[in-house]
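Here the structure is laid out as structure tokens; the discussion comes afterwards.
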Amino acid sequence: MKKLLCLFLAFGALAGCSSNDDKQHQLELMASNRAGVLSAGLPLEYGPLKILRISSNKNVVEMMMIYNDDALGAKPLNQVVNTSIYTYCNTPAVREQIDMGLMYRIKVRNSRGQLMADELVSAQTCSAGQKAQ
């Protein structure tokens, strides 16, 4: 009886590991697919903001942007980043993916190439943002 119980526990543990591996693999495929779709029309320019590269790393969609804060009509970088985070967290299709475990990393460099912002948007980020409102 003890051997049978140990056998079931071992199979249960292996099934749990397999399920986590499957979920991680699914998230990695989702991130890769999302990055491919978003990067299809690059580079994109929105006033002083230029999106140069979108790629995936595990379950994270990484976006590299250049922000010319000296351009006419440029808003403070902090406001641009916060607006981006708000948009990701409040767009239903994107939020659904974030709640599944997909994350977005926003990297912003200035026109001289210096890293000005590096923000990770996750389910925790979105939840914290909703509590702050």
Carbon/sulfur fraction of accessible area - the range 13-129, other protein chains in place, 1.4 Å, %: 52
Per residue accessible area in Å² of the range 53-133, where ligands, DNA and RNA are left out and the probe is 1.4 Å: 59
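The values are calculated or read from the model by the stated rules, or taken from the named source; none is laboratory data. Bear in mind the structure is a predicted one, so any value in this text is a computation, not a measurement. Remember, those area values only see protein heavy atoms, side chains included, never the ligands or the DNA or RNA. Shrake-Rupley method; radii C 1.70, N 1.55, O 1.52, S 1.80 Å.
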